[in-house]
Each structure stands twice: as C-alpha cells, then as structure tokens.
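For reference, the structure is listed below as structure tokens.
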Amino acid sequence: MALWDKIKGQFIDVIEWVDNTRDTMIWKFPRYDNEIKNGAQLIVREGQNAVFMHEGELGDVFKPGRVELTTNNIPILTTLKSWKYGFDSPFKCDVYFITTRQFTDLKWGTKNPIMLRDPEFGPVRLRAFGSFCVQITDPGKCIKQFAGTDPNFNTDEAVGQFKNILATRFADALGESKIPMLDLAANYNEIGDLLTDKIQPEFDEYGIKLTKLLVENISLPPAVEEALDKRSEMGVLGNMNQYTQFQTANAIEDMANNPGGAGSNMMGVVAGMGMGNVMGGTMQNNASAPQAPGAVPPPLPPATQWFAAINGQQSGPFDDNAIKQQIAGRFIAQDTLVWKQGMATWTKASEVAEIATLFGTMPPPLP
C-alpha cells in the first residue's frame, strides 16, 4: 500500500452505503481497522437505518439524513465508551446499515403434501405455494437475531426460516378453517389474512413485519385432479342417454343436409351410435341380472310409459310402479283418462285392462 493510502485510511470522514442490490437486508460498513474520528459525516439514505455497535452492544440508531458525529448526537455510544468530556481521538465502532424498504415477491411453499379431512371427499392431500413481503421495523433486534458477525446478510439467508414458519402455520390454519376443498379458491384472500395475523408475533421476534402474504395456489395430487376432471365432465354431460340421443339427432340432420357419399358415411356413424346404445343397454342389463351358466338372456323389454289427464292437464310419463302410486294416492280414478303409445285415443282407466286390475288391489278410502 502506498504511504498516502495508509495515511488516508487512518481516519474515516464519510460513512455511507450506496445499495446496488435488491436483496441485501443488513450491510456492515467495512472498517479494516480504520477508525472513526470526531466530526465524521454519516449519510443515511431513504430506505435505510444506520446502527452503531460497540463491543457487541447496541448503540445509537440513525434515521435517513446527514449527521456529523459528535458526543451530542451519539449519546448511547458516548455512555458505552465512557466519554465524560467528549472525544477528540478516533474511535473504533461497528456500523451496520439496515434496509428498511419492503422485500417483495419472496416465495414460500409446502415441502410435503398436507393431509386433511374434507367433508365431501374424505382424506385428501393438498400442496400450496405463494409469495410474501417483509420489512425490517426494529433494526437493533434484527441485527441481534440475524446478522451477528455476518458483514452482508441478504434475503436468501432469511427466507429459509420464514418459509418454514409459513408452511407450518399454513397447515395448522387450513385444518382449523374447515373450508371444503372445492371452496378453497374462493377463500385465498381470507386464508392469507388469517395467516398474517397468526404469524406476525413470530416475525416480531426478529424485528420484522410480515406486510403481505398471498396464497397463489392450493393443488391436489395429479391422479386426484384427473379423477375430479372426469367427475366434472360427467356433470357437464348430464344424462348420458339424452346426450347420446342428442348426438344421434345431430348426425341424422347432418346426413339429410349432405346426401350422397357423405350421407352414406353419416349413415354408418348413426348405425354405429345406435348399435352402441343397444350394446350399452345390453351390457347394463347383463351386469344387473344374474347369469345362468352357458346362457345369455335377451335384453329386458322397455317399460311402458303412461300418460294421464289429471286436473285437466296432461301428466306423465308414468311407469307401472308410478301408476300404482298415483292410484294409491287417489290422483288417478277409474274415470281418469289415460293413454300410452299404441292406443288410438284417450280411454278411461277402468276400460284399460292393464290399469283396471290395479283398482281391485287398492283398499277403499278410510271412513
């Protein structure tokens, strides 16, 4: 080192920090055995605080501004160093700069799935992730808890501890909330606010404020999501028989609008859909009916659909069991007009053989 540099380094006239990073929380002013003299200039920029430490003890804390260091504006340090009548000789002291602006877009997430009991689906495993923002509000406490002798403490070193706190408290809060799985997406803001209030006391121990906590996504395992998608698809389609009939009707209309070769191809499609309906009905009947060894029973005949004129309005269709219930409930009497496919006209119930026999099995009304 040149002689002039050595002489120049004996005293520090200006103490400042120009932060060119976005993740530094605490920065220690590099002293290298340099000494601070009486009247040195301390420059604290917006979004910073400066903290003086003497032999491990917390000294004075300075807000943004320019300060000339004298015994008048460093009272705590003056007391610690026992300067009774001021100081004229240089002194050694650790100076830390604290970033007081908000640190945003810090990520958190659950390392492992959270086991919960859902009221609709039973036991489920959920994962969650999001982001959060923090701000140093107590520089002295933050230095004691985090920095220590670290001359450059950044968010990467702190986020690990924050993420563990968030993930643990999130699992506990989600279990206590009793929110159904399908309603979680509508309650992300409420869950975030609940967690913020619940976790803040633990962040206070580090002199840090949790300014915002966002839940970006709560997800299920891929296999469960796939099953849920299938269930949603079935709900959208609704009645499968009606859906198949609708598809068949559209195919017939397309065939009529496209005669010739296209119509022949469409006829094959319609025939295939019809065969699929027959095969589907047969398979369903075979699954529900007992099978004799070596024999395949024919499909069950279609149920009769009845219509009745009740209170001057057409009601139905009713199957045989429903007709019995209507008669038992006195909604259909012997003179009620009924009709089914194949009948030429509406006929009194007492004149239709299949229904007339039902009146004899019903008891008369109570006296």
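At least 3 residues that are in contact with a Cys (Cβ under 9 Å, 6 or more places away or on another chain) and under 25 Å from residue 23 (Cα atoms) in each: list the strands (runs of 3 or more DSSP E) lying fully within the stretch 109-223 that qualify.
208-219
Out of all the residues in the stretch 335-363, which are exposed (fewer than 13 other Cβ atoms within 10 Å of the Cβ) and in a loop (DSSP other than H, G, I, E, B)?
335, 341, 342, 343, 344, 345, 360, 361, 362, 363
Does the stretch 17-38 contain any residue that is loosely packed, with under 13 Cβ neighbours inside 10 Å, under 21 Å from residue 208 (Cα atoms) and at pLDDT 80 or above?
yes
Go through 58, 42 for me and flag whichever is within 14 Å of residue 94 (Cβ to Cβ), surrounded by 15 or more Cβ atoms within 10 Å (Cβ to Cβ) and touching a Gly at 6+ places or on another chain (Cβ under 8 Å).
58
Which of the residues belonging to the stretch 63-83 are surrounded by 13 or more Cβ atoms within 10 Å (Cβ to Cβ) and closer than 17 Å to residue 37 by Cβ?
67, 69, 70, 71, 73, 74, 77, 78, 81, 83
Please give the number of the condition residue 198 fails out of (1) modelled with pLDDT of 80 or more; (2) within 17 Å of the chain's Cα centre (by Cα).
(2)
Kindly establish whether residue 118 is outside the structural domain of residue 45 (by TED's automatic domain parsing), of a type outside the set (Gly, Ala, Ser) and within 30 Å of residue 37 (Cα to Cα).
No, not satisfied.
Residues checked against (1) touching a helix residue (DSSP H, G or I) at 6+ places or on another chain (Cβ under 7 Å); (2) closer than 30 Å to residue 55 by Cα:
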site	(1), (2)
102	no, yes
105	no, no
113	no, no
118	yes, no
123	no, no
130	no, no
137	no, yes
144	no, yes
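When you scan the stretch 225-233, do you find a residue that is outside the structural domain of residue 114 (by TED's automatic domain parsing) and among the aliphatic types (A, V, I, L, M), even just one?
For the stretch 225-233, residues outside the structural domain of residue 114 (by TED's automatic domain parsing) and among the aliphatic types (A, V, I, L, M): present.
What are the pairs, 6+ residues apart or on separate chains, where a residue within the stretch 100-124 that is under 19 Å from residue 223 (Cβ atoms) has its Cβ under 9 Å from a residue that is among the aromatic types (Phe, Trp, Tyr)?
Taking only residues 6 or more apart or on different chains, the pairs are 110/129; 110/170; 114/170.
For residues in the stretch 315-334 being part of a loop (DSSP other than H, G, I, E, B) and aliphatic (A, V, I, L, M), which is farthest from residue 302 (Cα to Cα)?
The extreme case among them is 333.
For the subset of the stretch 297-314 comprising residues that are assigned to a loop (DSSP other than H, G, I, E, B) and under 51 Å from the mean Cα position of the chain (by Cα), which member is modelled with the highest pLDDT?
So the residue we want is 305.
The values are calculated or read from the model by the stated rules, or taken from the named source; none is laboratory data. Being a predicted model, the structure only gives us computed values, none of them experimental. Here the Cβ is made from the backbone with ideal geometry for all residues, glycine too, and neighbour counts use every protein chain on show.
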